[in-house]
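Contents: one structure, followed by commentary.
The values are calculated or read from the model by the stated rules, or taken from the named source; none is laboratory data. This is a predicted model, so every value here is computed, not measured. Because the Cβ atoms are built from the backbone with ideal geometry, glycine has one as well, and the counts that use them run over all protein chains shown.
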Amino acid sequence: MELTIERATKLQTKPNWSDLTFGTTFTDHMFVMDYEVGKGWYDARIMPYQDLPLSPAAVVLHYGQTVFEGLKAYKDDAEEIFLFRPDENMKRMNDSCERLCMPTFDGQFVIEAMKQLIEIEQDWVPEVDGMALYIRPVMYATEAHLGVSPSKQYRFIILLSPVGSYYAEGINPVKIAVESQFVRAVKGGTGAAKTAGNYAAALKAQEVAEKEGYSQVLWLDGREQKYIEEVGAMNVFFKIDGKIVTPELNGSILPGITRKSVLQLLRHWEMDVEERRLSIDELLEAAKNGTLEEAFGTGTAAVISPIGELFYKGEKTVINNNEIGPVAKKIYDTITGIQSGDVEDPFGWRVQV
Ligand code: PLP
Ligand code: COI
């Protein structure tokens, strides 16, 4: 497929990078392509960033047929721009499409289009440590049709947004509330897909948690509310009695690309790693008997985020004196080092734009 490019005639003045709030500033251009059953994907284009028309009857508005991704572009000291494992995001997005009965697409084509878009917007990639250009691919159902069936038309867009930390805490430990009333996802549901409904379902619990001073919610499984799943925007890891434990992928957890990378790193370092079911009772017991050494979350937006406190059923549990632990620190330094080009990349994770 051909990619056409229409340049914006008026460019914005770039903000001070230090003034950015996550996900509120967008660059001058975006990628768009359309799909129709019988025709396939067509009209791939890079165009000036603008509002796009949508029928009030569009399937996405009524039945939530939409999926998205999140990845980042980083500038190294030589001002070269790199993506981190973009093929993994394309694969996960296609998996999400399958789950939501949406059309799949050629991931390699989209990566090439993404690279061209980023090249046009190269001055929007902050060259500051800890900052990056966040890339948000999103696909949504555009057919005007009120019957409940998969849409026959879709739009795929890619937005770019320069960002710093996702959490106000930065690399400092976050406080997380363990949710005991609501659930995010159930077995057989859409938890493993990156689709809007999972995030909408999570808002209520997050609102309550924030009012009580917690950054986000730690979800328990949807059936028994007993086993740890993940946090709103990150997967979780714990160091218990010398071993690193993370919940196994069970169909309701998002298969994080940072999670996968962290597991690869830990195994490369020959550390003891377990992907298994972990109950909240086991975790709190480990905290009580002093064997819970560290906790941290992993995600593209959140990077590596130490968890300093958990709040569950009225009780607070402080972890590692609310400080970042040595494993989280080593992983943070290595992952961000590979992403920014300061550390060698033995796994071939960086992809040059
Ligand atoms: N879990 C949820 C619910 C997320 O939204 C994210 C972020 O994308 C993650 C986990 C971490 O995934 P990744 O490391 O691929 O960014
Ligand atoms: C991510 O891309 O890391 C996300 O979790 C998306 C988030 C901002 C909802």
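Of the helices (runs of 4 or more DSSP H) that lie entirely inside the stretch 54-149, those containing 3 or more residues that are among the aliphatic types (A, V, I, L, M) span 59-63, 107-120. The single condition from (1) in contact with a strand residue (DSSP E or B) (Cβ under 7 Å, 6 or more places away or on another chain); (2) within 11 Å of ligand 1 (Cβ to nearest atom) that SER279 fails is (2).
Of all residues in the stretch 193-217, those that are in contact (Cβ under 8 Å) with a residue 60 or more places away in the chain and under 30 Å from THR104 (Cα atoms) have Cβ atoms under 6 Å from Cβ atoms of residues that are within 11 Å of ligand 2 (Cβ to nearest atom) and among the aromatic types (Phe, Trp, Tyr), 6 or more apart or on another chain, in LYS194/PHE68.
Consider the stretch 61-80 and keep the residues that are surrounded by fewer than 20 Cβ atoms within 10 Å (Cβ to Cβ) and among the aliphatic types (A, V, I, L, M). The one that is farthest from ligand 2 (Cβ to nearest atom) is ALA78.
Looking only at residues in the stretch 141-161 that are touching a Lys or Arg at 6+ places or on another chain (Cβ under 8 Å) and not charged (D, E, K, R), which one is nearest to PRO306 (Cα to Cα)? Give the derivation first.
At the first step, the residues of the stretch 141-161 found to be touching a Lys or Arg at 6+ places or on another chain (Cβ under 8 Å) are 142-143, 145, 158-161.
Adding the requirement that they be not charged (D, E, K, R) leaves 142, 145, 158-161.
Details: THR142: 40, HIS145: 45, ILE158: 30, LEU159: 28, LEU160: 27, SER161: 24 Å.
Once the filter is applied, the top-ranked residue is SER161.
Only one of ASP272, ASP221 is farther than 14 Å from ALA328 by Cβ, away from ligand 1 (no atom under 13 Å from the Cβ) and buried (at least 22 other Cβ atoms within 10 Å of the Cβ). Can you tell me which? Explain how you work it out, then say what you get.
Working: ASP272 fails: buried (at least 22 other Cβ atoms within 10 Å of the Cβ).
Every option except ASP221 fails the conditions.
Just one of the listed residues (THR4, THR21) is touching a residue at least 12 places away in the same chain (Cβ under 8 Å), more than 17 Å from VAL125 (Cβ to Cβ), out of contact with any Leu (no Cβ under 9 Å at 6 or more places or on another chain) and exposed (fewer than 15 other Cβ atoms within 10 Å of the Cβ), namely THR4.
Residue-level check: of (1) at pLDDT 95 or above; (2) over 21 Å from the mean Cα position of the chain (by Cα), GLN65 misses just (2). Annotation: of all residues in the stretch 196-218 being within 14 Å of ligand 2 (Cβ to nearest atom) and within 15 Å of GLY256 (Cβ to Cβ), the one that is surrounded by the fewest Cβ atoms within 10 Å (Cβ to Cβ) is TYR199.
When residues of the stretch 44-53 are filtered for being over 29 Å from GLY341 (Cα atoms) and assigned to a strand (DSSP E or B), how many remain?
Keep residues of the stretch 44-53 that are over 29 Å from GLY341 (Cα atoms), which gives 44-45, 47-53.
Next, from what is left, pick out any that are assigned to a strand (DSSP E or B): 44-45, 47-48.
The total comes to 4.
In the set TYR35, TYR42, only one residue is crowded, with 16+ Cβ neighbours inside 10 Å, more than 16 Å from ligand 1 (Cβ to nearest atom), at negative phi and among the hydroxyl-bearing types (Ser, Thr, Tyr); that residue is TYR35.
Looking at VAL231, is it under 19 Å from LEU292 (Cβ atoms), surrounded by 23 or more Cβ atoms within 10 Å (Cβ to Cβ), touching a residue at least 60 places away in the same chain (Cβ under 8 Å) and within 13 Å of ligand 2 (Cβ to nearest atom)? Yes.
Looking across the stretch 98-116, the residues that are within 16 Å of ligand 1 (Cβ to nearest atom) and closer than 17 Å to ASN198 by Cα come down to ARG99, LEU100.
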